[in-house]
1. Please give the length that would be gained between Arg134 and Arg467 if that part of the chain were fully extended, namely 0.36 nm times their separation in residues minus their C-alpha to C-alpha distance (nm, one decimal).
2. Starting from the amide H of Thr341, placed 1.01 Å from N in the peptide plane, find each other amide H under 5 Å away whose residue is 5 or more places distant or on another chain.
3. What angle, in degrees between 0 and 90 and rounded to the nearest 10, separates the Cα long axis of helix 81-91 from the longest principal axis of the Cα atoms of the chain?
4. Please grab the % of Cα pairs in the stretch 46-162 that end up more than 24 Å from each other.
5. Calculate, axis by axis, the spread of Cα positions in the stretch 191-407 along the three principal axes, and write the results as whole Å, longest axis first.
6. May I ask you to order 341-348, 300-307 by the average number of other C-beta atoms within 10 Å around their residues, highest value first?
7. So what's the angle, to the nearest 10 degrees on a 0 to 90 scale, between helix 121-130 and the longest Cα principal axis of the chain?
8. Label Ala425 and Met1 with points 7 Å out from Cα along Cα→Cβ: what is the distance between them in nm?
Amino acid sequence: MLAAVRSAALVGIDAYDVTVEVDAAAGLPQWTIVGLAAGAVKESRERVGAALVNSGFVVPPRRITVNLAPADVRKEGTAFDLPIALGILIATGQLDSRSVAGRLFVGELGLDGALRSMRGSLPVARHALRSGVRALVLPPANVAEASRLSGIALCAPVSLQALVSQLRGDELEPAMAERTAPAADAEDLDFSDVVGQEAAKRALEVAAAGGHNVMLIGPPGAGKTMLARRMATVLPPLSEEEALEVVAIHSVAGVLDEGMIAHGVRPFRAPHHTISSAGLIGGGSWPRPGEVSLAHNGVLFLDEMLEFPRHVLDALRQPMEDARVVIARAAQAVSFPARFTLVGASNPCPCGRGGGITAECTCAQSEIERYAARLSGPLADRIDMHVTVGPVALRELSGKSTGSSSRNIRARVERARGRQRARYAAMRGVGCNAHASGRWLDSRTVVKPDARSLLQTAAERLGLSARGYHRVLKVARTIADLEDSVSVAALHIGEALQYRPVRRDEKSN
Ligand SMILES: Nc1ncnc2c1ncn2[C@@H]1O[C@H](COP(=O)(O)OP(=O)(O)OP(=O)(O)O)[C@@H](O)[C@H]1O
Ligand SMILES: [Mg+2]
Ligand SMILES: [Zn+2]
């Protein structure tokens with residue numbers, strides 16, 4: 001008899017229907033899995049066989065064929081174990097085919113028949129909800145994640161045996177999502193920890209408010225790393241939709257933690273400069289999200305940014321342009337969202353003291369130039385704000401900080417974001433000034449005449465490109481939003497001009 005059990009597979013952060021068909025025919029006892037099964041799916045045979053036997057079922061000596069339909073999409077992972085096992089039970093007359101009707105099954109099986117956690121259960125749950133199944137049967141470890149969606153019946157048996165006895169009675173026990181206790185903030189970072197550096201804090205406030213990419217440049221020990229790590233503390237909370245995207249990406253990557261499931265924390269990713277471009281962008285024969293996608297809706301912090309190999313940095317250009325990564329594979333192209341705010345930190349030169357006042361820089365001019373050139377023009381062009389962080393005097397460090405706290409900054413950032421949400425309400429995929437088109441903003445925002453002439457004079461004097469011109473305008477718009485000002489004034493343009501990247505091709509005269 002031919003059995004058909006409904007399951008699902010992942011492409012990127014979406015899931016699609018897979019029907020697991022099992023045929024048990026008379027003949028030499030053997031197993032075949034067809035339907036573009038790759039990697040771990042092929043090993044299903046061993047796990048499922050042992051799980052069935054160890055759960056007290058019989059595996060009759062038949063010729064068993066498993067087909068994963070549709071057959072034209074490559075399938076990976078271990079989540080087909082459960083539907084394959086059920087298919088075999090149905091095909092060999094140990095389970096009624098009606099008991100699986102209208103239900104969707106995913107999960108890896110241990111050799112003892114236990115249901116083990118899988119990657120990507122949130123996308124699977126979303127798919128199950130859309131396709132209107134009666135229930136989604138999944139491993140207990142994945143319930144918390146899947147129950148972020150409401151309106152879907154979940155069942156999470158501990159083992160194959162427990163599931164089969166429920167199916168035989170046609171009564172599935174509903175899974176209860178355990179509400180995890182709010183995680184205590186382990187780090188408890190705050191901008192008030194940073195002594196002085198008010199100009200840099202202000203720049204990060206502007207960057208957070210408008211979603212601008214920002215680069216911090218300064219000598220060792222100036223507090224760049226310290227400042228950047230506090231960026232996430234001033235960003236507004238994730239919307240429900242943003243949180244779901246974040247959970248889905250982290251789930252598919254297999255790096256979801258409980259705090260993220262429960263509270264939808266804004267991601268802050270800080271990969272080391274030894275990371276490969278596949279690690280940063282995403283990759284693998286079964287593509288997984290890279291750091292740029294794990295940072296989606298959050299911050300990607302590249303500390304010691306100029307220490308990253310040039311080709312790794314250049315790989316950032318495409319995701320920064322499209323807010324999405326496309327990984328092409330022979331079988332199919334997979335895409336992952338990647339809209340992040342980039343925060344880079346770097347020393348001004350190889351010895352690191354070039355920007356210092358107390359120490360002499362020992363670098364030759366040519367070395368300094370070669371160092372700066374590691375940040376290619378097109379990438380530097382996508383960083384709206386370049387901020388110089390000066391050294392702090394030792395005696396200042398011993399004092400208590402009295403400067404801005406994360407709480408106050410976040411309140412201002414949220415208000416500025418509110419203005420932007422209203423401005424871009426009708427535009428899909430645009431939530432803040434950094435994502436808007438410069439041309440659109442230029443035609444829609446009120447720029448006071450003296451502000452306009454200041455911008456034009458500066459543009460001519462500095463030889464700004466059209467892109468550079470619009471970049472200054474966008475940052476100025478954010479500064480105006482922070483002040484709750486309808487129009488962009490000269491003061492706003494003036495501050496925005498300070499964050500302009502100094503490029504060798506923009507002559508100072
Ligand atoms: N403004 C500051 N307020 C309080 N502490 C500071 C400040 N600046 C530096 N520090 C102290 O100095 C240490 C080094 O700072 P941090 O690592 O942020 O510097 P950096 O600019 O990233 O240096 P590097 O270029 O070497 O990476 C911090 O851990 C902190 O203890
Ligand atoms: Mg540092
Ligand atoms: Zn130097």
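All of the numbers you see were taken from the coordinates with simple rules; none came from a lab. Remember, predicted model here, so these are calculated numbers, not experimental data. Here Cβ is always computed from backbone atoms with ideal geometry, including for glycine, and neighbour counts include all displayed protein chains.
1. So the chain would gain 114.6 nm between Arg134 and Arg467.
2. Residues meeting the amide H criterion: Gly298, Val299, Leu300.
3. It works out to around 20 degrees.
4. Numbers: 1646 of 6786 pairs.
Of all Cα-Cα pairs in the stretch 46-162, 24 percent lie more than 24 Å apart.
5. That gives 57, 42, 25 Å along the principal axes, largest extent first.
6. 341-348, 300-307
7. Relative to the chain, helix 121-130 is tipped by roughly 70 degrees.
8. 5.8 nm
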